[in-house]
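Only one structure is covered here, and it is reproduced in the block below.
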Amino acid sequence: MSEVTPRFATGAPQNLEERFAGRAAHMQPSEIRSLFAVASRPEIVSLAGGMPNLSALPMGMMADVVQKLILNNGQEALQYGSGQGHPKLREQICEVMALEGIRANPDDVLVTTGSQQALDLISRIFIDPGDVVLAEAPSYVGALGTFHQYEAKVVHVETDDLGLVPDGLRAAIKSVRASGRRIKFLYTIPNYQNPSGVLLPADRRTEILNICRTEGIFVVEDNPYGLLGFDKPSPNAMRAEDSENVIYLGSFSKTIAPGMRVGWALVPPSLKEKLIIASESSILCPSNFSQLTISSYLADQPWRDQIASFCDLYKVRRDAMLESLDEHFPVTAKWTKPGGGFYVWVTLPEEIDTKALMPKAIVAKVAYVPGTAFYADGFGSWSMRLSYCYPTPERIREGVKALGGVIKTEMARRGGNQLN
Ligand code: PMP
């Protein structure tokens with residue numbers, strides 16, 4: 001009698017690595033993703049994730065918006081839509097961008113599935129293997145992962161307490177060009193940067209734009225946090241000064257809700273067609289349902305006030321974090337003092353390896369993201385990103401206190417070892 005073969009094979013097929021396309025080898029899980037499983041355990045204070053805090057978003061109001069949309073315009077909301085994005089939403093996006101000094105034509109806006117998709121599309125149309133992307137040191141882990149998948153070489157540019165250093169940018173361009181590589185674009189997050197929380201001042205914006213224009217390098221300005229300034233508005237967007245050489249990325253993830261997955265790219269007209277074709281090949285069109293929900297929300301609800309309540313909520317958390325860092329972290333540690341956004345960047349004495357320290361932090365019931373996640377070259381081992389956006393102020397204080405204890409113990413242990 002023949003053996004009964006199972007109908008569905010279990011386990012991975014043989015020689016899978018050989019069967020993948022070459023580019024699949026560059027698809028690696030991010031350091032952050034593997035960390036989230038641990039960090040999301042309820043007993044752990046997670047200072048790791050950058051999840052927007054939706055407790056300030058009135059759910060009854062959102063439910064009304066969605067219900068009205070489906071009842072009044074369900075046929076359109078649940079249908080396919082335009083590859084470039086819904087025309088009405090593109091107009092409203094221009095009104096949102098006007099808050100940061102941008103004058104734009106809705107025709108130049110491409111709606112995307114979060115700004116993460118825009119990063120993917122831009123990488124797809126610009127990057128050949130080995131091309132260079134310039135980025136702040138440190139930079140957003142999700143963008144670094146995308147650039148890596150397209151086999152770009154990320155070259156980090158010097159930053160200080162005010163963000164990108166123009167002379168550092170000049171030096172990086174010079175040394176990359178001397179090595180014979182092509183620079184495709186500068187990727188920058190000028191407002192309340194992820195992961196450093198730093199805000200780039202207006203004069204540096206102008207200088208950086210001038211350098212890039214002169215050198216023939218596009219600027220990709222990623223701006224999800226620009227409207228989340230706590231005490232004063234951020235300077236005008238870089239795109240407000242240069243409509244030819246800046247590819248601007250925006251998102252409703254932090255000002256409304258990330259679950260909507262609605263972001264956009266505002267692009268120089270010469271790039272639009274390629275980006276639309278690239279987007280259609282991956283998603284056909286952005287979700288009409290999400291776009292029209294956002295559009296109705298912007299049309300009928302006090303969205304500016306809503307952003308102000310998000311800012312109030314984050315500001316209280318930022319204060320809790322900075323106060324408890326002062327109280328509980330060693331005097332040799334340094335950290336940024338963000339005026340908006342979600343993140344504080346901590347630099348410890350060089351002998352502390354924040355990745356190796358992570359298991360001890362987890363035992364102490366606190367999680368963070370080790371600094372190396374934000375560099376393409378393994379740098380940053382003595383730094384860490386702390387997010388204050390999600391936990392309550394009390395939990396933030398608890399977490400920072402526990403983490404300060406872990407760091408001090410490690411420093412004492414190392415000091416002790418050196419004496420031995
Ligand atoms: N850019 C930056 C700097 C971010 O911090 C994030 C999300 N954390 C994104 C892009 C992606 O955001 P989304 O796709 O939700 O718009």
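Given the options 369, 331, name the one that is under 23 Å from residue 226 (Cβ atoms) and of a type in the set (Val, Ile, Thr).
None of the other options fit; the residue is 369.
May I ask you to say which residue of 256, 294 is buried (at least 16 other Cβ atoms within 10 Å of the Cβ), in contact (Cβ under 8 Å) with a residue 24 or more places away in the chain and assigned to a helix (DSSP H, G or I)?
294
Out of all the residues in region 357-413, which are open to solvent by 10 Å² or more (accessible area, probe 1.4 Å), aromatic (Phe, Trp, Tyr) and within 20 Å of the chain's Cα centre (by Cα)?
375, 379, 390
Can you say whether residue 136 is closer than 24 Å to residue 169 by Cα, within 16 Å of the ligand (Cβ to nearest atom) and assigned by TED's automatic domain parsing to the domain that holds residue 218, as far as the supplied structure shows?
yes
A quick yes/no check of all residues on (1) assigned to a loop (DSSP other than H, G, I, E, B); (2) within 13 Å of the ligand (Cβ to nearest atom):
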residue: 124; (1), (2): no, no
residue: 128; (1), (2): yes, no
residue: 145; (1), (2): no, yes
residue: 148; (1), (2): no, no
residue: 156; (1), (2): no, no
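For region 357-385, which residues satisfy the criterion of being assigned to a loop (DSSP other than H, G, I, E, B) and either within 21 Å of residue 332 (Cβ to Cβ) or out of contact with any Phe, Trp or Tyr (no Cβ under 8 Å at 6 or more places or on another chain) (or both)?
364, 365, 368, 375, 377, 378, 379, 380, 381, 382
Take the residues of region 310-343 that are in contact with a Lys or Arg (Cβ under 9 Å, 6 or more places away or on another chain) and open to solvent by 60 Å² or more (accessible area, probe 1.4 Å): which is nearest to residue 161 (Cα to Cα)?
The qualifying residue nearest to residue 161 (Cα to Cα) is 337.
Could you list, in sequence order, the residues of region 340-356 that are touching a residue at least 24 places away in the same chain (Cβ under 8 Å), more than 16 Å from the ligand (Cβ to nearest atom) and not in a strand (DSSP E or B)?
348, 349, 350, 351, 352, 353, 354, 355
Quick one: in region 203-247, which of the residues that are farther than 21 Å from residue 183 by Cβ and not in a loop (DSSP other than H, G, I, E, B) is most open to solvent (accessible area, probe 1.4 Å)?
Among those that are farther than 21 Å from residue 183 by Cβ and not in a loop (DSSP other than H, G, I, E, B), it is 203.
Report every pair of residues separated by at least 6 positions or lying on different chains whose Cβ atoms are under 6 Å apart, first residue within region 110-132 and closer than 16 Å to residue 186 by Cβ and open to solvent by less than 20 Å² (accessible area, probe 1.4 Å), second more than 13 Å from the ligand (Cβ to nearest atom) and among the β-branched types (Val, Ile, Thr).
132/155; 132/176; 132/183
The values are calculated or read from the model by the stated rules, or taken from the named source; none is laboratory data. All values derive from a computational prediction rather than experimental measurement. Quick reminder, even Gly has a Cβ in these numbers, built from the backbone with ideal geometry, and neighbours come from all protein chains shown. When the accessible area is computed, the model is the full protein with side chains, heavy atoms only, and any ligands, DNA or RNA have been set aside. Shrake-Rupley method; radii C 1.70, N 1.55, O 1.52, S 1.80 Å.
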